[in-house]
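Enquirer: Dropping a structure here in structure tokens format, bear with me for questions.
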Amino acid sequence: MSGKTLIAKIIESHLVDGVCEAGQEVKIRIDQTLCQDATGTMAFLELEAMGVDRVKTELSIQYVDHNTNQMGPENANDHLYLRSVCSSKGVLFSRPGNGICHQVHLERYGIPGKTLLGSDSHTPTGGGIGMLAIGAGGLDVALAMAGEPFKLTFPKVCGIKLTGALRPWVSAKDIILKVLSIMGSKGNVGWAVEYFGDGVATLSVPERATITNMGAELGVTTSVFPSDEATREFLAAEAREENWVELRADDDAVYDRVIELDLSELVPMAACPSNPANVKPVSEVAGLPVSQVMIGSCTNSSLRDLRMVAAVLRGRQVHSGLDLGIAPGSRQVMCMLSMEGGMTDLLAAGCRILESACGPCIGQGFSPASGTISVRTNNRNFLNRTGTKNDQCYLVSPETAVATALTGVLTDPRELGIPYPEWKMPERFAIDDSMVLLPEGKGVEIIRKETIGEPPKGKPFPKDLEGEVLLKLGEKITTDHIMPAGAYLKYRSNIPRYAQYVFECFNEPGKPTFAERAAAVRDSGRAGIVVAGESYGQGSSREHAAICPMHLGIRCIIALSIERIHAANLLNFGILPLYFADASELDKVEQGDSIELKGIGDQLRRGSDVVGEVVKADGSRVSLRLRHLLSSEDIELVLRGGRLV
């Protein structure tokens, strides 16, 4: 019998139900959960709706890192609710300013070999410390806090064998960008990634976390590194060495696919507009004029990254033609930079120091000027995500970003002609958990201001599904396309208000909006249907991309493929995910057509094939071949209208 992968070992040690074979449905015990404030409000409203008094996990924590600007009362109202409900339910509360959830969790709470479920798609950052960390919708996280196991498809595992060592000015960001150039951002549903090989030992935990964080852009379930001596050193520096355990795959582990990367052969890379998988060597796009550089986000805001940036900028000035923003990933990082003098170097160079929060990564401030190029160390560059319409955002390493900030044009950092700063793990980080509030217990008053709504409830599926195709879309439709972030996130606790912006980017001037058209179809008693190509629902775990369409009467999404987290969110809120049998079936459907699926419940229960008809405006009919990937449990869930009915 062949050896086991590390991913298989962790899943097996947490198995509640199912068979550990690729493609089979399993249920696993969740040790830890995390929420952030853009998703946490709804998650805790859902937890309350379940009647749960206290969470059942080993550790659950709520972070406030997305909507920290508090422009108007909405964000602050949500923070009051979250703080009080966490105290009541037994959940830690990380206050605004303490840092980005993934960075803080890696520093203070991540434990090798444990399972972590988070209502943020970049939760797999924890894989950098040897956790099985998975992103999910808020309702799935609420269920985990309630003690329910998490259901997933046992993944195929792609082993990425690392050999050699990175050369100066090439970093962990370039590794994951190279992987994205190979695997792409679509077609990886049902896979997970595991790193192994001699090259792993050359990477520190912060570097590994950069790689697992941006593994979310691959569309895989999770990414994991082994827990080794580098992991022990990191935990020791965080005064948590007792949490360390050595973990690795068996020497004869068999992977479903193997990709080999010689780290010494990698070069600085850039993800070009407007998809993280649109990757080119920096040398091929060098020289483009840049108006703004942003260094931060949960991908590249560690002490290692910002120490390097400060060292490069010491005694130098940011180019006069651009702005350089720095957002440390945590208060710990910011404090250590200050104590070591790095913050002074950044300020003297002309940097703008931003809050330790997600901010610019989700269009919450520091947006670039129209028609200009922005260079960022973020993990996503979907169109308009910066908060500027038709933006041109390039994703790069901190090394490339700081080189660009000095020259004013997109620059290969190897061309700077200066020594590459060395990095060494500190013996002890500056540890201060005072901004994490401990829960008080039962009897705490839960504060609900006027902006805090109720989670919407689903309706049972009709016997025959008949609806209008409200929108026909292409491939790689992201959750940002479906539900815009940025300034709109302050409405996340008010579903009727937030739903007004569903598919806003596809609205045409002078014509009814998508929300208006969908509401009209809903009020007429018919279902709303959306059709799309490959990789529908890329990006954020934002379950509002299912909740708000449900509120507007959307009952079915039909696509060539749907990403994992979004497909689960659709089911949770009573929206049926179906798939075209092939691309020719998609070609049969146009916006404005009607689709009829007779006896849909019986069809789903009989097998994977679903047949129906497309009804054209002239009354003519065309047969339609579809399929589904639902288990018997999934079928009954969606037919009753989701988990909250």
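Enquirer: Each residue of the range 320-335 in order: what ³J(HN,Hα) in whole Hz does its phi give by Karplus 6.51 cos²θ - 1.76 cosθ + 1.60, θ = phi - 60°, with x for Gly and Pro?
Expert: My calculation for the range 320-335 gives 5, x, 9, 9, 10, x, 10, 10, x, x, 8, 5, 4, 4, 4, 5 Hz in order.
Enquirer: Computed FRET efficiency, Cβ-Cβ of GLU242 and LYS442, R0 35 Å: what is it to the nearest 0.05? Don't jump to the answer; show the numbers that get you there.
Expert: Working: r = 30 Å, r/R0 = 0.87.
Efficiency computed from Cβ-Cβ geometry: 0.70.
Enquirer: Please list, in chain and number order, the residues 5+ apart from ILE259 or on another chain whose amide H is under 5 Å from its amide H, with Hs placed from the backbone.
Expert: GLY159, ILE160, LYS161
Enquirer: At 0.36 nm per residue, and after removing the present C-alpha to C-alpha distance, how many nm does the segment from ARG167 to ALA201 gain when stretched out fully? Let's see the in-between values first.
Expert: Details: separation 34, 0.36 × 34 = 12.24 nm, distance 1.47 nm.
Here the answer is 10.8 nm.
Enquirer: Going by how many other beta carbons lie within 10 Å of each one, how would you line up TYR394, TYR501, fewest first?
Expert: On the way: TYR394 25, TYR501 20.
Sorted ascending by nearby Cβ count, the order is TYR501, TYR394.
Enquirer: For the range 182-257 and the range 504-547, compute the distance between their C-alpha centroids and round to whole Å.
Expert: The distance from the Cα centre of the range 182-257 to that of the range 504-547 comes to 37 Å.
Enquirer: Might you report the magnitude of the Cβ-based charge dipole of the chain about its Cα centre, with Lys and Arg at +1 and Asp and Glu at -1, to the nearest 20 debye? List each step's numbers first, then the result.
Expert: Details: 65 positive and 79 negative charges, 215 e Å.
The calculation lands at about 1040 debye.
Enquirer: A further question follows. Against the longest alpha carbon principal axis of the chain, how many degrees, from 0 to 90 and to the nearest 10, is the axis of helix 73-89 turned?
Expert: It is inclined by approximately 90 degrees.
Enquirer: Okay, moving on. Does a label point 7 Å from the Cα of GLU340, set along Cα-to-beta-carbon, have any residues of the range 148-177 with amide nitrogen under 19 Å, and which are they?
Expert: Counting only backbone N, you get 168-173.
Enquirer: Ok, one more. Please list 617-627, 446-456 highest first by mean number of surrounding beta-carbon atoms within 10 Å per residue.
Expert: On the way: 617-627: 12.3, 446-456: 16.6.
Result, highest mean first: 446-456, 617-627.
Enquirer: For the chain, what relative contact order do you get, as a whole percent, if you take Cα pairs closer than 8 Å and at least 6 residues apart? Numbers along the way, then the final one.
Expert: Numbers: 1649 pairs, mean separation 92.4, N = 645.
Contact order relative to length: 14 percent.
Enquirer: Ok, one more. Any chance you could run the full-extension gain for GLU516 through ALA348? It's 0.36 nm times the residue separation minus the Cα-Cα distance, nm to one decimal.
Expert: On the way: separation 168, 0.36 × 168 = 60.48 nm, distance 5.13 nm.
That works out to 55.4 nm of additional length.
Enquirer: In degrees, nearest 10, range 0 to 90: what is the angle between the Cα axis of helix 172-183 and the longest Cα principal axis of the chain?
Expert: That works out to roughly 30 degrees.
Enquirer: Right, next: Is any residue of the range 137-160 close enough, with backbone N under 14 Å, to a label point placed 7 angstrom from the Cα of GLN24 along the Cα-Cβ axis, and if so, which?
Expert: Hits in the range 137-160 for GLN24 at 14 Å: 152-156.
Bear in mind that the values in this text are calculations on the coordinates, not laboratory data. None of the values given here were measured: they were computed from a predicted structure. Don't worry about glycine lacking a Cβ; one is built from the backbone with ideal geometry, like all the others, and counts go over all protein chains shown.
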